[in-house]
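Data block below; observations after.
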Amino acid sequence: MPHRRIYDISEPISEGTSTWPGDSSFSREWVMRLDQGQSCNVSTIRMSTHCGTHVDSPYHFLEAGSTTDRTSLLPYLGRCLVLNVQGKGEPLVVPPESLEALPPVERILLRTREEHDHENFDGGFCSLGPQAAKTCVDLGLKLVGLDTPSMDTCESKELPSHHILLHGGVALLENLDLTGVPEGFYELIALPLKIVGSDASPVRAVLRALD
């Protein structure tokens, strides 16, 4: 049986990976090294749970929200649609009309840019925006993903898009790299780590071509 094509849509995580301003960047300490005569290579890493491609859990926004280890895995595994959208306005947001004629689907991944730079944070990124977030809820989506750092604008403190999605039961994926992925339907696999009490988790997000 031939293997179905896999697209890796995760950002690489390294010392050069950009993070939200003020957040913890990736760092690594080597505890054991083969080149120092020890039996194996062992490292310790430190980084934000929002570093690279990641899942936000409800606890990120609500004190009583479920943490990553208690969040259902169902939204992060299944058929999805990759869709190209053009941000509009200032700041840039996804126009809700671009989502109104979707075919039947439970998960959408939105590509808002042709090139993906994971090393330089651009505060002018295209966010989902509250109107498009409400459209996602009205469509009954299980998950929405973006190729930018946040569902809300860089300056937002109230995070309305996050809250609309959260209260509407829509899971979030952020910092996807959809470069080179044609529009269309795929199988999404983007499972968060079972980090007890966590507000978020990095994921290794992949798309698998459908039969």
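Read-outs: derived from the displayed coordinates by stated rules, not from any lab. Predicted model only: the values in this text are computed from it and were never measured. Note that we place each Cβ from the backbone using ideal geometry, even for glycine, and neighbour counts take in every protein chain shown.
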Env charge @ ALA190, Cβ radius under 15 Å, K,R +1 / D,E -1, value -2
Taking K and R as +1 and D and E as -1, what net charge do the other residues with C-beta under 13 Å from the C-beta of SER66 add up to? -2
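Could you grab the relative contact order for the chain? Cα pairs under 8 Å, six or more apart, rounded to a whole percent.
Values: 481 pairs, mean separation 63.6, N = 211.
After rounding, I find 30 percent.
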Give the distance, in whole Å, between the Cα centre of segment 78-155 and the Cα centre of segment 36-65. 24 Å
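Would you list ARG107, ARG113, ARG5 from fewest to most Cβ contacts within 10 Å? If you can, show how the numbers build up before the last one.
On the way: ARG107 25, ARG113 18, ARG5 10.
In order of increasing Cβ crowding within 10 Å: ARG5, ARG113, ARG107.
Taking every DSSP beta bridge that has both residues in the chain, what percent is antiparallel when rounded to the nearest 5? Mind showing how you got there, number by number?
On the way: 25 of 37 bridges.
If we restrict to bridges inside the chain, about 70 percent are antiparallel.
Please work out the Kirkwood hydrodynamic radius for segment 1-50, using every pair of different C-alpha atoms, and report it in angstroms with one decimal place. Could the numbers behind the result be given before it?
Details: mean 1/r = 0.0721 Å⁻¹.
Mean inverse Cα-Cα distance, inverted, gives 13.9 Å.
Provide, as a two-decimal number, the C-alpha radius of gyration of the chain over 2.2 N^0.38 Å, N being how many residues it has. Intermediate results must be reported in sequence, preceding the final value.
Details: Rg = 17.6 Å, N = 211, 2.2 N^0.38 = 16.8 Å.
Normalised by 2.2 N^0.38 Å, the Cα Rg of the chain equals 1.05.
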Could you calculate the contour length gain from VAL206 to THR179, that is, 0.36 nm times the residue separation minus the distance between their Cα atoms, to one decimal place in nm? 8.5 nm
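Using Cβ counts within 10 Å as a stand-in for footprinting exposure, how do GLU174, GLU158 rank, fewest first?
Numbers: GLU174 24, GLU158 9.
Ascending Cβ contact count within 10 Å gives the list GLU158, GLU174.
What's the exposure ranking of LEU207, LEU34, LEU83, going from fewest to most Cβ atoms within 10 Å? List each step's numbers first, then the result.
Details: LEU207 24, LEU34 10, LEU83 18.
If I rank by nearby Cβ atoms, fewest first, I get LEU34, LEU83, LEU207.
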Per the Cauchy relation, a quarter of the hull surface: what is the mean projected area of the convex hull of the alpha carbons in segment 52-166, in nm²? 7.5 nm²
Between ASP117 and GLN86, take the C-beta separation as r, use R0 = 22 Å, and let me know the FRET efficiency to the nearest 0.05. 0.75
Under a plain spin-label model, where a point goes 7 Å from the Cα along Cα-to-Cβ, how far apart in nm are GLN131 and LEU73? 3.9 nm
What FRET efficiency, computed as 1/(1 + (r/R0)^6) with R0 = 45 Å and r the Cβ-Cβ distance, is obtained for SER66 and GLN38, rounded to the nearest 0.05? 0.65
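Express in nm, to one decimal, how much length is gained between GLU155 and ARG5 on full extension, taking 0.36 nm for each residue of separation and deducting their alpha carbon distance. Please list the in-between numbers first.
Working: separation 150, 0.36 × 150 = 54.00 nm, distance 3.83 nm.
Stretched out fully, the GLU155 to ARG5 stretch lengthens by 50.2 nm.
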Summed over the other residues with a beta carbon less than 15 angstrom from that of SER25, with K and R at +1 and D and E at -1, the charge totals -3
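What is the calculated FRET efficiency for SER27 to VAL196, with r their C-beta to C-beta distance and R₀ = 35 Å, to the nearest 0.05? Please report the intermediate quantities before stating the final value.
On the way: r = 22 Å, r/R0 = 0.64.
Step by step, r from the Cβ atoms, then E = 0.95.
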